[in-house]
Amino acid sequence: MPKQASLFTPVLLTGCLIILVSFAIRASFGVFQIPIAQEFNWLRAEFSLAIAIQNLAWGVGQPIFGAIAEKIGDRKAVILGALIYAAGLVLSSFAVSPLEHQLYEILIGFGVAGTGFGVILAVVGRASSDENRSMSLAIVTAAASGGQVFGAPLAEYLLGFMSWQSVFLAFAAAVLSLILLLPFMRAPVAATKQELEESMGTILKRAARDPSFTLIFLGFFSCGYQLAFVTAHFPAFVTEMCSPIAAGSLLHSIGITTTSALGAVAISLIGLANIGGTLAAGYLGKRYSKKYLLASIYLARTLVAAAFIITPMSPETVLLFSVAMGALWLATVPLTSGLIAHIYGLRYMGTLYGIVFFSHQLGSFLGVWLGGRMYDAYGSYTAVWWFGVGVGLFSALVHLPVRENRSPAAAPLV
């Protein structure tokens, strides 16, 4: 009997560690909303715009780093991304104006692109066997959630005895340490003969003419909107709007005594729940239609968000929302990336996923920026929350017409 390919390869484990650290830092920026605004007496929209620009730069950088990885090598792309990421964090630690933060967040966004999904998912996808690919992509995505589990609470903890500037410097050192892992990241170029003979331009033209690629692009918008809005604003939302944590309650007894701490823990809990949700998505993605799974996830997110906003906020509803939304959080990523690999092949998966991810980050920019603007204008996040419910429903519907037929160039050799 032929030997079954191993699921846990050095490439997979290295990719998980890189993306875990990268996303732990990225997921913590919402915790800095109130400390930075209070120190400089800024409106909420000022730092919100900086985070929004970070997300947009991440989206712009994703196809660029995907192309860099495919042209000059995965490891060189990650090194470049880590250096830019660390530079952005160091410069941000010295920033004293909104414009400086907003400019330096461009560097951070590009750094996340170089150490994030587009590059790491592509290299792991190429290194995985056909039978393990869906699960491998899910494991890497779950590792990103693992970073979210401790990223926000770690930032909250460090802010208890360090300035936010010192926390940024510590995070920069953590990003630079990722370079030490790169000798273990070595993946073959897994592609069919026809794919290898085709240029990147040919593949891009084929995708641009395909209505299914356009639908996937449009559908990923709401994912970015919802995730970025919650990551950037939910800690502050909970801090200001949640009812107090009762003395003697379970939360109080384990040291969560303030709504500020609850807001950071909520982000962590979302990441923890998403580990299971993402692994489940990877398992199901190998067995069922990816487009129907994606439509179901977006519909479930819509219902969860609507239920939360119409219910008075309490510590209990925050925890319930965090678990429910967390189970759906990044479950779209292995399904979306796997769908692209299935339809268009592996050769230029990083670039194609990067283009689709740009839609995700347009949503991220709007979610973060609009959250800050609407809060400053009305003192509430309600309107921007309901907009997220609407775009979630749109994404559920737009995935239904996607054709999952494999592109001729991506068909396996026989």
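The values are calculated or read from the model by the stated rules, or taken from the named source; none is laboratory data. Being a predicted model, the structure only gives us computed values, none of them experimental. All Cβ positions, even for glycine, are placed from backbone atoms using ideal geometry, and neighbour counts span all protein chains on display. Accessible surface areas use protein heavy atoms only, side chains included; no ligands, DNA or RNA. Shrake-Rupley method; radii C 1.70, N 1.55, O 1.52, S 1.80 Å.
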Requested in this report: Identify, by number, the condition in (1) free of Cβ contacts under 8 Å to residues at least 24 places away in the same chain; (2) part of a helix (DSSP H, G or I) that ALA144 doesn't meet.
Outcome: (1)
Report summary line: Residue hits (segment 100-115; in contact with a Gly (Cβ under 7 Å, 6 or more places away or on another chain) and open to solvent by 40 Å² or more (accessible area, probe 1.4 Å)) are TYR104, LEU107, PHE110
Requested in this report: Could you pull out the residue among CYS242, CYS223 that is closer than 24 Å to THR382 by Cα and at pLDDT 85 or above?
Outcome: CYS223
Query raised in the report: Out of curiosity, is SER166 modelled with pLDDT of 90 or more, in contact with a Ser or Thr (Cβ under 9 Å, 6 or more places away or on another chain) and loosely packed, with under 15 Cβ neighbours inside 10 Å?
Result: yes
Query raised in the report: GLY118 passes all but one of (1) free of Cβ contacts under 8 Å to residues at least 60 places away in the same chain; (2) buried (at least 24 other Cβ atoms within 10 Å of the Cβ); (3) small (Gly, Ala, Ser); which number fails?
Result: (1)
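Of the residues that sit in segment 25-46 and are of a type in the set (Val, Ile, Thr) and surrounded by fewer than 24 Cβ atoms within 10 Å (Cβ to Cβ), which one is nearest to VAL167 (Cα to Cα)? If you could, list the steps in order and put the result at the bottom.
Initially, segment 25-46 is screened for residues of a type in the set (Val, Ile, Thr), giving 25, 31, 34, 36.
Applying the additional criterion that residues be surrounded by fewer than 24 Cβ atoms within 10 Å (Cβ to Cβ) yields 34, 36.
Details: ILE34: 15, ILE36: 12 Å.
In this case the residue turns out to be ILE36.
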Report task. Could you please let me know if SER359 is in contact (Cβ under 8 Å) with a residue 24 or more places away in the chain, surrounded by fewer than 24 Cβ atoms within 10 Å (Cβ to Cβ) and assigned to a helix (DSSP H, G or I)? Result -> yes
Query - Within segment 235-350, helices (runs of 4 or more DSSP H) holding 2 or more residues that are more than 30 Å from GLY201 (Cβ to Cβ) - result: 250-253, 259-285, 290-309, 315-328
Query raised in the report: Is it true that some residue in segment 2-22 is surrounded by 24 or more Cβ atoms within 10 Å (Cβ to Cβ), at pLDDT 85 or above, farther than 20 Å from LEU137 by Cβ and out of contact with any Cys (no Cβ under 9 Å at 6 or more places or on another chain)?
Result: no
Report summary line: Pairs returned, first residue in segment 245-269 that is more than 20 Å from ALA324 (Cα to Cα) and open to solvent by 30 Å² or more (accessible area, probe 1.4 Å), second residue that is part of a loop (DSSP other than H, G, I, E, B) and not acidic (Asp, Glu), beta-carbon separation under 8 angstrom, 6 or more apart or interchain, are HIS252/ILE245; HIS252/ALA246; THR257/ILE245; THR258/ILE245
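Residue by residue, here is whether (1) open to solvent by 10 Å² or more (accessible area, probe 1.4 Å); (2) out of contact with any strand residue (DSSP E or B) (no Cβ under 7 Å at 6 or more places or on another chain); (3) at pLDDT 85 or above holds:
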position: TRP385; (1), (2), (3): yes, yes, yes
position: GLY392; (1), (2), (3): no, yes, yes
position: SER395; (1), (2), (3): no, yes, yes
position: VAL402; (1), (2), (3): no, yes, yes
position: LEU413; (1), (2), (3): yes, yes, no
Report summary line: Of the listed residues (SER129, SER97, SER92), the one being more than 30 Å from ALA280 (Cα to Cα) and surrounded by fewer than 24 Cβ atoms within 10 Å (Cβ to Cβ) is SER97
